[in-house]
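The values are calculated or read from the model by the stated rules, or taken from the named source; none is laboratory data. As the structure is a computational prediction, the values presented were derived from the model and not from experiment. Here the Cβ positions follow ideal geometry from the backbone for every residue, glycine too, while neighbour counts run over all protein chains shown.
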Amino acid sequence: MPAIASVAGSFGYGRQVASVSSAIPTNGLLIELDASNSASYGGSGTIWTDIRSGYNGTLTNGPTYTATAPKYFNFDGVDDYVNIADTAAIRPSIGGTVTGIIWAYITSYTAGDGLISKQFGVGGGYDGFSLVLNTTNRLQLNMNGGGVNGNYVSASTNVFALNTWTMFSCVVQFGGGTANPSKAYVNATEVISAANAETSIPNNTAPLRLVSGIQEGSPYPACRVGSFYYYNRNLTAAEINTIYTTTRTRFGV
């Protein structure tokens with residue numbers, strides 16, 4: 001694993017980024033939340049600070065912090081989640097791409113509980129996307145817009161394991177079609193590839209949430225979360241593998 005070192009001259013939203021691996025791709029990196037970095041979380045309070053662009057997360061309904069390695073937040077599976085307010089820079093769009101990556105340790109869930117969500121419930125027409133957990137430890141990528149209701153499920157069961165630190169990723173390309181499919185990964189393994197043909201997203205302004213599925217009801221798994229990255233571009237399989245191999249040692253994987 002490459003050494004973790006501070007990077008001189010790297011700044012996020014008016015402050016120097018305290019510690020970041022030079023091996024993690026930074027091109028297009030909009031949000032970086034890291035429970036082990038004191039610049040991102042000092043140990044108390046409800047704000048999980050984004051050390052990239054100032055798109056901070058609000059710890060909602062009382063997730064608790066564990067300060068011993070690997071340092072993470074605990075979510076109770078009832079109503080805990082992280083809320084990142086909507087802004088134009090983080091919205092999905094037709095022809096654009098976003099990539100979300102989260103390190104999580106799933107303790108228990110029901111189908112539909114989620115990991116990453118920027119998808120309204122019924123009041124917003126279900127527009128947006130979410131990466132959720134399905135039965136038999138499968139993964140599902142939801143993408144909904146004006147014409148396509150895409151619910152893409154991993155072909156294989158047991159693509160992840162409970163009570164194990166795992167890196168989950170989604171590459172979301174509305175309207176990408178077969179040339180630019182949307183994907184989901186578990187660690188560095190692709191488990192979903194889907195050609196989405198959407199032509200519009202009437203309502204793309206849902207907040208970005210962690211430990212949440214479609215934003216209605218109680219779509220919250222019981223889990224731990226250590227870090228989150230959000231990009232405004234398509235990360236390749238090689239780049240996702242780089243992030244995985246760079247960060248896995250922290251989580252004992």
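Remarks
- Taken over segment 119-141, the criterion of being buried (at least 19 other Cβ atoms within 10 Å of the Cβ) and not in a strand (DSSP E or B) is satisfied by Tyr126, Asp127.
- Single match in Asp86, Asp50, Asp79 (criterion: assigned to a loop (DSSP other than H, G, I, E, B), in contact with a Ser or Thr (Cβ under 9 Å, 6 or more places away or on another chain) and buried (at least 19 other Cβ atoms within 10 Å of the Cβ)): Asp50
- Qualifying positions in segment 118-139 - under 27 Å from Gly252 (Cβ atoms) and either in contact (Cβ under 8 Å) with a residue 24 or more places away in the chain or not hydroxyl-bearing (Ser, Thr, Tyr) (or both): Leu131, Val132, Leu133, Asn134, Asn137, Arg138, Leu139
- Ala111 meets all of the listed conditions (1) under 25 Å from Gly77 (Cβ atoms); (2) outside any loop (DSSP other than H, G, I, E, B); (3) modelled with pLDDT of 95 or more but one, namely (2).
- The residues of segment 144-153 that are outside any strand (DSSP E or B) and either modelled with pLDDT under 95 or closer than 22 Å to Tyr230 by Cα (or both) amount to a single one, Gly145.
- The condition of being of a type in the set (A, V, I, L, M, F, W, C), buried (at least 22 other Cβ atoms within 10 Å of the Cβ) and touching a helix residue (DSSP H, G or I) at 6+ places or on another chain (Cβ under 7 Å) holds for only one of Ile116, Ile101, that being Ile101.
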